[in-house]
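Structure record follows, encoded as structure tokens.
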Amino acid sequence: IHVETGDLNGNTLGQYNDTEKKVVMDSLFLGEGEASKVLEVTLHEMYHAWQYRLVRLYLDASESEKTMRVFMYCQEYLREMNDYKHGSDDPEEFMEYYGQYMEKQARAYSESAVFEYYDQMDEIYYQRQEEIYGEAVGGIQ
């Protein structure tokens, strides 16, 4: 997956293009957005890349393989991919976009994953501080 920057019209912070296998992040957002939000949007778009790859695997799978738990959402993903609702300034159209299952799952993943990333960064930081100073810091033993 390639990650690029571009001008995404001000309302879109990031987008995944499966045809080109790339994520485009809004340049202004990258320069001015909070690090945690940039990470969240990046993870959200990468989740879409994973959804598309999973659907390709599903389409190539045998009928018995298609019953595997990993593929449980693929029929819904495929339906939405074939009739994807893009967000807009119109509230009704935005809610159609926002309510798509693919979007709900990408949001849920990216929001929770940001916390996991920050927890891992904290753990690495405190371990490094202990290595440098020879004692536990920040209440971590």
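The values are calculated or read from the model by the stated rules, or taken from the named source; none is laboratory data. These numbers come from a predicted model, not from an experiment. Please note: Cβ atoms are built from the backbone with ideal geometry, for glycine as well, and neighbour counts cover all protein chains shown. In case anyone asks, the SASA skips ligands and DNA or RNA and just uses the protein heavy atoms, side chains included. Shrake-Rupley method; radii C 1.70, N 1.55, O 1.52, S 1.80 Å.
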field: Members of the range 43-89 found to be open to solvent by 50 Å² or more (accessible area, probe 1.4 Å), within 14 Å of the chain's Cα centre (by Cα) and of a type in the set (A, V, I, L, M, F, W, C), listed by number
entry: MET46, TRP50
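Yes/no matrix, rows are residues, columns are (1) farther than 17 Å from MET102 by Cα; (2) assigned to a helix (DSSP H, G or I); (3) over 12 Å from the mean Cα position of the chain (by Cα):
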{"position": "GLU4", "(1), (2), (3)": "yes, no, yes"}
{"position": "LEU8", "(1), (2), (3)": "yes, no, yes"}
{"position": "ASN11", "(1), (2), (3)": "yes, no, yes"}
{"position": "TYR16", "(1), (2), (3)": "no, no, no"}
{"position": "GLU20", "(1), (2), (3)": "yes, no, yes"}
{"position": "VAL23", "(1), (2), (3)": "no, no, no"}
{"position": "LEU30", "(1), (2), (3)": "yes, yes, yes"}
{"position": "VAL38", "(1), (2), (3)": "yes, yes, no"}
{"position": "VAL41", "(1), (2), (3)": "no, yes, no"}
task: Please go through the range 90-132 and pick out each residue that is of a type in the set (D, E, K, R) and either within 18 Å of the chain's Cα centre (by Cα) or loosely packed, with under 12 Cβ neighbours inside 10 Å (or both).
output: ASP90, GLU92, GLU103, LYS104, ARG107, GLU111, GLU116, ASP119, GLU123, ARG128, GLU131
- prompt: Which of the residues belonging to the range 19-42 are surrounded by 13 or more Cβ atoms within 10 Å (Cβ to Cβ), farther than 18 Å from ARG107 by Cα and of a type in the set (D, E, K, R)?
  reply: LYS22
